[in-house]
Amino acid sequence: MRNLSGLERQFLPRAGDLVVQPGELEDPIGDLVHSPEFRFVHRYPDRLLVLTTDRCFRYCRFCFRKHWTGRGLARFEEEDRQRLGSYLDQHPEVHEVILSGGDALTLPNAQLIPLLQIIRDRKRLVRLSTRLASLHPQRLDSELLSALERLGGIWWLHHVNHPDEIHEGFRSVVRDLFRAGVGQVSQSVLLADINDDPEILLELFGLLAGRGVKPYYLFYTDLAAGTSGWRLDLEDALDIWRRLKERASRLVLPTFAVDLPGGRGKVEVEANLLRIIEEGWVFQAPDGSEVLYPRAGVLKRVRKT
Ligand code: SF4
């Protein structure tokens with residue numbers, strides 16, 4: 001069999017995918033706990049997350065939102081847009097709307113552009129979280145680019161995990177977005193046997209920063225059901241992170257973060273890890289309370305030198 005790229009391997013099933021370990025959750029980051037209305041997740045006062053569609057260009061085996069993706073909700077229609085407009089009118093504390101799913105860029109322009117318009121009419125920032133540049137760069141057509149330029153106030157969040165994803169199509173998306181005045185950052189997930197190596201991460205973040213895309217977040221893999229084969233032991237993950245930190249400036253380094261289970265919030269791993277116990281890792285949540293991130297669900301230990 002030919003060697004598969006670091007991108008292709010993210011979509012290949014692994015033996016552990018069908019095994020739900022103790023501690024793994026259907027809704028690992030607690031979307032449902034913070035959902036005041038269907039499709040809306042209001043976890044932080046100033047940010048509203050919108051589940052625009054359940055469709056993605058391809059389905060990552062380590063997906064943290066398996067409870068939502070691929071369920072037949074691949075449209076965001078006028079009724080949804082009106083509901084969103086009303087919600088924003090009633091919640092002036094929301095300064096930013098994060099369009100996620102699924103992948104909002106799988107929506108046709110006829111649904112996506114009016115959705116962006118509703119948000120920009122209300123002067124809120126938009127964050128578009130997407131794997132478009134890696135998986136379907138030709139989707140960024142001239143109609144969408146013109147709309148992004150006209151509307152302004154849009155930040156593009158590239159989900160990208162491996163240097164193999166920075167192909168010519170990816171680079172062309174980055175160039176076109178900058179020409180249209182769109183700000184660009186990236187987020188990555190730390191994945192066993194994909195990017196669990198400081199050299200690979202350094203190359204990835206260097207390639208992004210070299211093109212003007214600021215590496216924003218590196219996430220510890222969420223406790224989604226059936227993802228233990230993709231998750232590192234947290235101590236191994238911290239070891240990789242510390243070795244990375246020794247070699248990279250803040251321009252190149254993202255924030256290494258973890259979403260605490262049960263919707264308890266996102267925290268920096270190193271700064272918020274209080275202690276390590278047999279059952280797992282105890283973190284300080286944003287509200288000051290302590291949260292256990294269970295060790296269960298880590299099938300393998302990977303320690304590379
Ligand atoms: S693109 Fe995001 S939502 Fe879609 S399968 Fe991958 S991780 Fe899940």
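The values are calculated or read from the model by the stated rules, or taken from the named source; none is laboratory data. Please read these numbers as outputs of a predicted model, since none were measured by experiment. Cβ: placed from backbone, ideal geometry, glycine included. Neighbour counts: every protein chain shown. Side chains included, ligands, DNA and RNA excluded: accessible areas come from the protein's heavy atoms. Shrake-Rupley method; radii C 1.70, N 1.55, O 1.52, S 1.80 Å.
Considering the stretch 159-179, the residues that are under 16 Å from residue 105 (Cβ atoms) and open to solvent by 10 Å² or more (accessible area, probe 1.4 Å) include one that is nearest to the ligand (Cβ to nearest atom), namely 159.
Output the residues belonging to the stretch 145-158 that are within 13 Å of the ligand (Cβ to nearest atom) and either among the charged types (D, E, K, R) or surrounded by fewer than 22 Cβ atoms within 10 Å (Cβ to Cβ) (or both).
First pass over the stretch 145-158, keeping only residues within 13 Å of the ligand (Cβ to nearest atom): 157-158.
Result: 157, single match.
Residues that are over 30 Å from residue 287 (Cα atoms) and at pLDDT 95 or above occur in the stretch 43-53; there is at least one.
What is the residue count in the stretch 24-55 for residues that are open to solvent by 30 Å² or more (accessible area, probe 1.4 Å) and either assigned to a loop (DSSP other than H, G, I, E, B) or acidic (Asp, Glu) (or both)? Break it down stepwise before answering.
Pass one, the stretch 24-55, residues open to solvent by 30 Å² or more (accessible area, probe 1.4 Å): 25-26, 32-38, 42-47, 55.
Now narrow it down to the ones that are either assigned to a loop (DSSP other than H, G, I, E, B) or acidic (Asp, Glu) (or both): 26, 35-38, 45-46, 55.
The number of residues fulfilling the criteria is 8.
Every condition in (1) in a helix (DSSP H, G or I); (2) free of Cβ contacts under 8 Å to residues at least 60 places away in the same chain holds for residue 236 except the one numbered (2).
Based on what the data block shows, is residue 9 open to solvent by less than 20 Å² (accessible area, probe 1.4 Å), under 26 Å from residue 190 (Cα atoms) and within 16 Å of the ligand (Cβ to nearest atom)? Lay out the reasoning, then the answer.
Working: open to solvent by less than 20 Å² (accessible area, probe 1.4 Å): no; under 26 Å from residue 190 (Cα atoms): yes; within 16 Å of the ligand (Cβ to nearest atom): yes.
So residue 9 fails the test.
Can you spot a residue in the stretch 68-89 that is more than 13 Å from the ligand (Cβ to nearest atom), within 30 Å of residue 190 (Cβ to Cβ) and open to solvent by 60 Å² or more (accessible area, probe 1.4 Å)? No, because not a single residue in the stretch 68-89 is more than 13 Å from the ligand (Cβ to nearest atom), within 30 Å of residue 190 (Cβ to Cβ) and open to solvent by 60 Å² or more (accessible area, probe 1.4 Å). Scanning the stretch 19-48 for residues that are small (Gly, Ala, Ser) and within 16 Å of residue 99 (Cα to Cα) gives a single hit, 35. The set of residues from the stretch 90-110 being away from the ligand (no atom under 16 Å from the Cβ), touching a residue at least 40 places away in the same chain (Cβ under 8 Å) and open to solvent by less than 60 Å² (accessible area, probe 1.4 Å) comprises 91, 94, 96, 97. One residue is enough: does the stretch 282-291 have a residue meeting the conditions among the polar types (S, T, N, Q), in contact (Cβ under 8 Å) with a residue 12 or more places away in the chain and open to solvent by less than 30 Å² (accessible area, probe 1.4 Å)? No, the conditions are met nowhere in the stretch 282-291. Among the helices (runs of 4 or more DSSP H) confined to the stretch 86-167, the ones with at least 1 residues that are at pLDDT 95 or above and touching a Ser or Thr at 6+ places or on another chain (Cβ under 9 Å) are located at 109-121, 132-135.
Looking at (1) of a type in the set (Gly, Ala, Ser); (2) under 21 Å from the mean Cα position of the chain (by Cα); (3) surrounded by fewer than 18 Cβ atoms within 10 Å (Cβ to Cβ), which is the only condition residue 15 fails? Condition (2) is where residue 15 drops out.
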